[in-house]
Amino acid sequence: MNATAETAPVLASAPDATLGYKSFTLGSFKFRRDEYFAHIEWTTRDGRPLSHTMDAGSYLRALMRDVAWGFFYGWVNFDHVIGTVNHYQTVDFFAGSYNATMKAAGVDLLENFPTAQIGETFKAMLDDWTNEGFDPFAAPQETGSPYGRKNGNSRAAITRARELATRCVGLKGDLALRTDARGAPVNRAFADVPQDLPELHPEPGFENEVHAFNLFAFLSRSQVTWNPSFTSVVKHSYMCPTTEEHILPIVHGNDRVEWFFQMCDEIHWDCAHKESGKPLARVIMKAGDMAAMPAYCRHQGYSPKRSMLLVWENGSPTLVYEIQKGEAPEVPVQF
Ligand code: PHB
Ligand code: FE
C-alpha cells in the first residue's frame, strides 16, 4: 500500500467506481473488473468465500466467443476454473466444477440459468468492460489494449453480425456474401494466397445453378480469429472454416465428436479430459493433417502463425442425448 492510497479512502474503498467499470451478479456469482483483471467471486459448495482472477484480455476474448456463439456445443471453459455448459435451453455457469482438485476440495460451485438471463448478463458485461480500440476477435498483434480504466466502448467490434448467405454463396440472389469478403484486405500472413477465382463452365440454362468460389482467397481476408463460420450446411453436417492466430480463447469441452482439417500452417493442441482437466494428449497438426476430438475431451489450440482450419461439426440437435444414452459413440472410430 502507498501513502496516496492510505490518505485517499474513497479511492481505496471504492476502486471500481473510480475505474469506471460496472460490477455484475449472476445468481450468487459476482463479477468485477479492474485495470488488468476480471475477478469472479462466489461462496463455495462448503460455505467459504472464494474468488478467481483472469487477465482482462483473456477474459474478454473468451466472453466474446461465448456471447457470439450462443454458448456453443457443450463446455466453454474460460480457463481451468470458470466456464459455461450449454444445455440448449439453459446454461450452467461454474467455478471449479470441472477442475478435479477444486472439486475434491469442495470449493466449486455450479448454477443453472435460463439462456436469455445469462446471455443478457454476459452481453452487458462484454459491452461495459471492452474499451475503445480493443477487439476481442482480433489477433493480439492486430488490436489495441484491453487494459486500463474504462475508456469508451468497442461496440462495432463486439456486435459484428454474421453475414448470412441467402443461397449458395456467389450465386445470383445471394446478396449477403461476396467471394471477395466485401473487399476486405488480404491479411499480412496470407499475402501468398492466390486470389484467382475458379473457372466455371455451366451448361447453358444452368448458369444460375452452378457456382464455385475460392475459399482460401475468402479466408485470407478474414478480419477475425478463432471464429468458425458455416460455409456449407448439408443436413446436420456443418463445414466451418476459420482463421487462427495466437491462442483459442476458450478451452472447448465437447459434447460430440468434432473433426479438424488443418488447411495451412500449423496448430498445436492440448487435449485433456473434459470432466477433470487431466491432460490426455498433445496434437501437433501440420498442413494437410486431420484429427478428430472425441466427445470426452476438452481442447485448446495454439497457432504460432495465422493459419486456416476447417472445423467439421455434426450439428444434430439429438446427438448429445444419443451419446448420453450410449446410442451414439463418443469416438469417431473404434479400432
Ligand atoms: C473448437 O473448440 O473446436 C474450436 C473453436 C473455435 C475455432 C476452432 C476450434 O476457431
Ligand atoms: Fe472444439
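The values are calculated or read from the model by the stated rules, or taken from the named source; none is laboratory data. Small disclaimer: the values here were computed from a predicted structure and weren't measured. All Cβ positions, glycine included, derive from the backbone under ideal geometry; neighbour counts span all protein chains shown. Accessible surface areas use protein heavy atoms only, side chains included; no ligands, DNA or RNA. Shrake-Rupley method; radii C 1.70, N 1.55, O 1.52, S 1.80 Å.
Per-structure values
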{"quantity": "Computed label-point distance, nm, for sites residue 305 and residue 191 using a 7 Å Cα→Cβ extension", "calculated": "1.2"}
{"quantity": "Using θ = phi - 60° and Karplus 6.51 cos²θ - 1.76 cosθ + 1.60, couplings along region 134-146 (whole Hz; Gly, Pro as x)", "calculated": "9, 10, x, 8, 7, 5, x, 6, 10, 9, x, 8, x"}
{"quantity": "Sequence ranges 240-251, 259-270, 125-136, 110-121, ranked by mean other-Cβ count within 10 angstrom, highest first", "calculated": "240-251, 125-136, 259-270, 110-121"}
{"quantity": "³J(HN,Hα) computed for each position of region 29-42 - Karplus, 6.51 cos²θ - 1.76 cosθ + 1.60, integer Hz, glycine/proline x", "calculated": "8, 10, 10, 9, 10, 10, 5, 10, 10, 9, 10, 10, 10, 7"}
{"quantity": "Region 11-148 - percent of accessible surface contributed by carbon and sulfur, probe 1.4 Å", "calculated": "55"}
{"quantity": "Surface share of carbon and sulfur [accessible, 1.4 angstrom probe, percent] for region 185-324", "calculated": "61"}
{"quantity": "Per residue, in Å², the accessible surface of region 185-324 once ligands and nucleic acids are set aside, probe 1.4 Å", "calculated": "49"}
{"quantity": "Distance between modelled label sites at residue 216 and residue 145, nm, 7 Å Cα→Cβ extension", "calculated": "3.9"}
{"quantity": "Between helix 115-129 and the chain: long-axis angle, C-alpha atoms, 0 to 90°, nearest 10", "calculated": "80"}
{"quantity": "Amide H contacts under 5 Å for residue 37, placed H, 5+ residues apart", "calculated": "56"}
{"quantity": "Gyration tensor (alpha-carbon) shape descriptor, region 11-148, a/c threshold 1.5", "calculated": "oblate"}
{"quantity": "Solvent exposure of region 11-148 as accessible area per residue, Å², 1.4 Å probe", "calculated": "40"}
{"quantity": "FRET efficiency, residue 324 to residue 286 (Cβ-Cβ, R0 41 Å, nearest 0.05)", "calculated": "0.75"}
{"quantity": "Cα-Cα over 30 Å, subset of 286/325; 22/305; 22/278; 274/325; 274/305", "calculated": "286/325; 22/305; 22/278"}
{"quantity": "Within region 306-335: backbone nitrogen closer than 19 Å to the residue 100 label point (7 Å, Cα to C-beta)", "calculated": "none"}
{"quantity": "Straight-distance crosslink candidates among aspartates and glutamates, where the alpha carbon sits under 13 Å from residue 172 and sequence neighbours closer than 8 are dropped", "calculated": "207, 209"}
{"quantity": "Radius 10 Å from Cβ of residue 96, net charge of other residues (Lys, Arg +1; Asp, Glu -1)", "calculated": "+1"}
{"quantity": "Between 0 and 90°, nearest 10: helix 56-68 axis offset from the chain longest Cα axis", "calculated": "50"}
{"quantity": "Extension reserve of the residue 120-residue 316 stretch, reckoned as 0.36 nm per residue once the Cα distance is removed", "calculated": "68.0 nm"}
{"quantity": "Farthest positive-ward along region 11-148 dipole, Cα basis, beta-carbon charges - from 60, 36, 49", "calculated": "49"}
